[in-house]
Amino acid sequence: MYSAQWKSPSNIALIKYWGKYGNQLPRNPSVSFTLDSASTTTRVTLTEKNDKNGAHVDFLFEGQKNDAFASRIEKFLNSISNPYFPFIQDYRLRIESSNTFPHSSGIASSASGMSALALCLSDIQNQLTGTEDFSEAFYRHASVIARLGSGSASRSVFPFMAVWGTHPDIYESSDAYAIGIEEKIDPVFKTFHDDILIISPKEKSVSSTAGHQLMEGNPFAAPRYEQARQRMSALMVALSAGDIETFGRISEDEALTLHALMMCSDPSYILMEEGSLSVIKAIRQFRQDTKVPVYFTLDAGPNVHVLYPGEFSQQVDHFINSELKPYCHNGRIIHDKAGQGPQKIV
Ligand code: DP6
């Protein structure tokens, strides 16, 4: 019996992927922190089947059968079986998945979920062809598959930080897959914390797929893509130099740009809540008053990610608990940090 199990993390983008074309290709390069605790564990088990009428999936999420999800995964698997995984047509797939973070936490599960699935499928393909290859090529291939499932998932298969999307300054960068940039960054960035302030646990008012689509009619799209490329150049220099201030400025500018793009789309969306703005202002004030290098970023939703180097965790913890926690839904905060990347579970 063939089976594989992987635990794969979520990630938080600093330069945002917002806008895509073709078969899940990004309009601009993006870069992210790979998270440590927010992750999905997935096991895929193959059993024989007698027909070749397309993928057949039994999907269990946190122990519960989920048929709606199973048919979405079947559709995805049919789209990648040729040329990547012909075995999908020959076997029935039992997929068991669970997350370390609650469903209503506001953390997108597509990055961790799709990367965990991609790693399991690539692992099984190895087993079927009798290869024991877990080198760079394995992860690159898994990144391609993860990307086809969800763009941001392509970045989750590498430790600490990853870049997805072609950029002239970044050797081997590609629109087809992400690359790990651990060796290009100053060690201080490996210590970064990401405390996620849950301002609202509600489902997103606009899906990322719809959001990417809105960029096609956005009058600021072309200059935005150019801006992302320029910010990427500047951020890569800052990451390698350990320049936390430039890193923080660019990260905050990117978060606000993402939300500004949604505000000026047609139809327009306001994804922040009042609490998001209050928290952002408080972070900037605290930084100005104390000189502690603490910054924010946002996903396409109201929750605020608080970013800072590990050595400042005591001061920032105190600040968050006393000044930011009151803005969080039921005082909810998820403490995460930059992490080692996915893990094969044997
Ligand atoms: C705002 O990767 O969720 O989080 O490719 O349609 O699945 P799909 O979109 P998705 O978009 C993520 C958008 C973002 C920014 C980012 O992660 O880079």
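The values are calculated or read from the model by the stated rules, or taken from the named source; none is laboratory data. What you see is a predicted model, and the numbers here were worked out from it, not measured in a lab. Ideal geometry is used to build each Cβ from the backbone, glycine not excepted, and the neighbour counts take in all protein chains shown. Only protein heavy atoms, including side chains, enter the accessible area calculation; ligands, DNA and RNA are left aside. Shrake-Rupley method; radii C 1.70, N 1.55, O 1.52, S 1.80 Å.
Quick one: which of LEU93, LEU77, LEU35, LEU46 is within 30 Å of THR297 (Cα to Cα) and either buried (at least 16 other Cβ atoms within 10 Å of the Cβ) or touching a residue at least 60 places away in the same chain (Cβ under 8 Å) (or both)?
None of the others qualify; the one that does is LEU35.
Look through the range 49-66, keep the residues that are surrounded by fewer than 17 Cβ atoms within 10 Å (Cβ to Cβ) and in contact (Cβ under 8 Å) with a residue 12 or more places away in the chain, and return whichever of them is nearest to the chain's Cα centre (by Cα).
GLU62
Regarding the range 157-164, can at least one residue be identified that is within 16 Å of the ligand (Cβ to nearest atom), open to solvent by less than 20 Å² (accessible area, probe 1.4 Å) and without any contact (Cβ under 8 Å) to a residue 60 or more places away in the chain?
no
For the range 176-188, which residues satisfy the criterion of being under 17 Å from the mean Cα position of the chain (by Cα) and surrounded by 20 or more Cβ atoms within 10 Å (Cβ to Cβ)?
Within the range 176-188, TYR177, ALA178, ILE179, GLY180, ILE181 meet the criteria.
Filtering the range 279-329 down to residues that are among the hydroxyl-bearing types (Ser, Thr, Tyr) and within 12 Å of HIS193 (Cβ to Cβ), which residue is nearest to the ligand (Cβ to nearest atom)?
Of everything passing the filter in the range 279-329, TYR295 is nearest to the ligand (Cβ to nearest atom).
How many residues are part of a loop (DSSP other than H, G, I, E, B) and either in contact with a Gly (Cβ under 9 Å, 6 or more places away or on another chain) or closer than 18 Å to ILE179 by Cα (or both) if we restrict to the range 234-249?
Residues flagged as part of a loop (DSSP other than H, G, I, E, B) and either in contact with a Gly (Cβ under 9 Å, 6 or more places away or on another chain) or closer than 18 Å to ILE179 by Cα (or both) within the range 234-249 amount to 0.
When you check GLU273 against the structure, is it among the charged types (D, E, K, R) and touching a residue at least 60 places away in the same chain (Cβ under 8 Å), yes or no?
yes
Could you tell me which residue of the range 115-131 is farthest from the ligand (Cβ to nearest atom), considering only residues that are buried (at least 24 other Cβ atoms within 10 Å of the Cβ) and among the hydroxyl-bearing types (Ser, Thr, Tyr)?
Here the residue is SER122.
Look through LEU121, LEU128, LEU117, LEU35 and report the one residue that is not β-branched (Val, Ile, Thr) and not in a helix (DSSP H, G or I).
Exactly one of LEU121, LEU128, LEU117, LEU35 is not β-branched (Val, Ile, Thr) and not in a helix (DSSP H, G or I), namely LEU35.
Quick one: which of SER152, SER105, SER112 is of a type in the set (Gly, Ala, Ser), within 16 Å of the ligand (Cβ to nearest atom), surrounded by fewer than 21 Cβ atoms within 10 Å (Cβ to Cβ) and closer than 21 Å to LEU307 by Cβ?
Only one candidate qualifies: SER105.
Restricting the search to the range 192-233, which residues are surrounded by fewer than 16 Cβ atoms within 10 Å (Cβ to Cβ) and not in a loop (DSSP other than H, G, I, E, B)?
Listed by number, the residues that qualify are THR209, ALA210, GLN213, GLU216, GLY217, ALA222, PRO223, GLU226, GLN230, SER233.
With respect to the numbered conditions (1) farther than 23 Å from GLY341 by Cβ; (2) at pLDDT 95 or above; (3) open to solvent by 10 Å² or more (accessible area, probe 1.4 Å), which one is the sole condition not fulfilled by PHE69?
(2)
Restrict the check to the range 154-161 and report whether at least one residue is under 25 Å from ARG332 (Cβ atoms) and modelled with pLDDT of 95 or more.
Checked the range 154-161: at least one residue is under 25 Å from ARG332 (Cβ atoms) and modelled with pLDDT of 95 or more.
Anything in the range 64-101 that is assigned to a loop (DSSP other than H, G, I, E, B), more than 16 Å from the ligand (Cβ to nearest atom), touching a strand residue (DSSP E or B) at 6+ places or on another chain (Cβ under 9 Å) and not β-branched (Val, Ile, Thr)? List them, or say none.
The answer is ASN66, ASP90.
I'm trying to understand the selection: among the residues of the range 1-32, which are in contact with a strand residue (DSSP E or B) (Cβ under 7 Å, 6 or more places away or on another chain), within 11 Å of the ligand (Cβ to nearest atom) and outside any loop (DSSP other than H, G, I, E, B)?
Listed by number, the residues that qualify are SER10, ASN11, ILE12, ALA13, LEU14, ILE15, LYS20, PRO26, SER30, VAL31, SER32.
Could you say which residue among ILE334, ILE320, ILE345 is surrounded by fewer than 16 Cβ atoms within 10 Å (Cβ to Cβ) and either among the hydrophobic types (A, V, I, L, M, F, W, C) or touching a residue at least 12 places away in the same chain (Cβ under 8 Å) (or both)?
Unique residue meeting the criteria: ILE345.
Cβ-Cβ under 8 Å, sequence separation 6+ or interchain: first residue in the range 99-121 and among the aromatic types (Phe, Trp, Tyr), partner within 15 Å of the ligand (Cβ to nearest atom). Which pairs?
PHE101/SER10; PHE101/ALA38; PHE101/ILE107; PHE101/SER109
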